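Peer 1: Quick one: this structure, given as structure tokens, is what I'll be asking you about.
Only the coordinates and a few stated rules stand behind these numbers; no lab work does. Since we're looking at a predicted model, the values are computed, not measured. Here Cβ is always computed from backbone atoms with ideal geometry, including for glycine, and neighbour counts include all displayed protein chains.
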Amino acid sequence: MNKRVGRSTIELASRPSILGYAAYVGKKEHMGPLGRFFENYDPDTTFGMDTWEKAESELQRRTFSLARQKAGLENDRIDISFAGDLLNQCIASGYSSRENGIPFAGLYGACSTMAESLALASAFVDAQFACVASAQTSSHFCTAERQFRFPLEYGGVRAPASQWTVTGSGCCFVGPHQDDKVSVERICFGRIRDLGVCDINNMGSAMAPAAADTLVQFFSDTGTCASDYSAVVTGDLGEVGSEILSRLCVMEGYEIPNHLDCGKMIFDPEKQKVKAGGSGCGCSASVLCGYLLPELERGRLTRILFMATGALMSPTSFQQGESIPGVAHLVVLAAPKNSRK
């Protein structure tokens with residue numbers, strides 16, 4: 001049976017369900033506007049470790065364990081784990097997974113990794129390649145600053161368009177459809193889009209063209225529009241990227257008045273001094289697992305487009321003067337039937 005809808009969208013006929021999920025964040029994220037939704041946080045951003053990189057791995061371990069407990073699963077029931085992060089060779093994910101005995105597929109989609117991992121996990125379950133698959137990602141402010149920008153001790157002034165990397169992680173376990181669980185209906189993998197942005201302090205501008213391309217392609221494939229969904233949620237475009245996304249979509253004939261951006265939701269720009277908003281793999285992951293999925297379970301949201309966005313650059317490509325390619329992957333999430341209003 002052909003499961004493709006249009007050019008890029010895939011219909012998941014079995015409607016896999018999210019069996020369990022968890023978010024875990026740092027102190028700054030817990031102090032933000034969504035703080036009351038983040039039940040799991042640690043005021044110590046070292047998470048008891050002696051390096052920032054070990055701290056991010058510990059953050060992933062804690063999140064994975066909480067989500068697994070909520071799903072009522074043991075490790076031997078999990079067929080494959082899709083996980084990634086921002087660090088070279090995805091070391092936060094690799095080290096956090098090395099003792100659980102689960103087949104591991106490491107991903108690098110930059111800040112799009114939560115949607116990428118969730119889409120792949122759902123596709124594997126729908127195709128019966130796996131009965132249960134996990135999807136996870138993380139980011140940590142200090143590991144990202146060390147790798148991509150400058151040492152924290154440098155004390156550089158942040159540009160107005162810059163975004164604050166979220167210290168957070170999200171994890172979902174996907175399995176066969178259950179009527180009382182949030183389900184995954186469709187997925188859409190995005191294409192690389194690069195409009196020549198070279199400013200490492202302006203990720204929103206680099207990622208917005210890819211977000212617009214994926215969203216317009218999905219609407220064209222499915223014959224739907226923004227009003228068919230409770231919300232169109234992007235990962236971490238922030239203030240700058242969100243405005244660009246809106247303009248690009250209008251140019252293609254689509255308005256998105258119900259657009260939400262995780263990077264704008266997780267911090268208070270004025271009180272928390274984060275400039276254009278939040279970013280990082282953990283931004284959309286923690287907002288999805290801490291806020292959006294519970295709202296779907298309660299029926300306050302009925303069906304959403306969750307589209308995480310990523311800037312696919314590295315320290316080396318930046319130093320060589322390369323532009324910053326962007327990508328965005330999309331997942332359609334639906335509330336349990338008995339909770340829909």
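Peer 1: Please give the net charge around residue 176, taking every other residue with its beta carbon less than 15 angstrom from that of residue 176, where Lys and Arg add +1 and Asp and Glu add -1.
Peer 2: With Lys, Arg at +1 and Asp, Glu at -1, the net is -2.
Peer 1: For the stretch 13-175, take N as its residue count and report Rg(C-alpha) divided by 2.2 N^0.38 Å.
Peer 2: Scaled against compact globular proteins, the figure is 1.05.
Peer 1: Now for a separate question. With +1 on each Lys and Arg Cβ and -1 on each Asp and Glu Cβ, how big is the dipole of the stretch 13-175 about its Cα centre, in debye rounded to the nearest 20?
Peer 2: 300 debye
Peer 1: Suppose we keep just the DSSP beta bridges with both residues in the chain; what percent of those would be antiparallel, to 5? Before the final figure, lay out the partial values.
Peer 2: Working: 36 of 56 bridges.
Rounded to the nearest five, the antiparallel share is 65 percent.
Peer 1: Please compute the net charge surrounding residue 263, taking Lys and Arg as +1 and Asp and Glu as -1 over other residues with Cβ under 14 Å from its Cβ.
Peer 2: -3
Peer 1: Of the listed pairs 54/271; 70/337; 54/181; 181/264, which have alpha-carbon separations greater than 23 Å here?
Peer 2: Values: 54/271 29 Å; 70/337 20 Å; 54/181 33 Å; 181/264 27 Å.
Check vs 23 Å cut-off fails for 54/271; 54/181; 181/264.
Peer 1: Per residue, what volume in Å³ does the convex hull of the Cα atoms of the stretch 104-150 enclose?
Peer 2: Dividing the Cα hull volume of the stretch 104-150 by its residues yields 70 Å³.
Peer 1: Counting only other residues whose beta carbon sits under 14 Å from that of residue 50, what net charge do I get with K and R as +1, D and E as -1?
Peer 2: Charge balance near residue 50 sits at -3.
Peer 1: Additional query: So what does the Cα-only Debye profile of the chain read at q = 0.08, 0.11, 0.13, 0.14 Å⁻¹, as log10 I(q)/I(0), no solvent term?
Peer 2: Reported log10 I(q)/I(0), two decimals: -0.32, -0.62, -0.90, -1.06.
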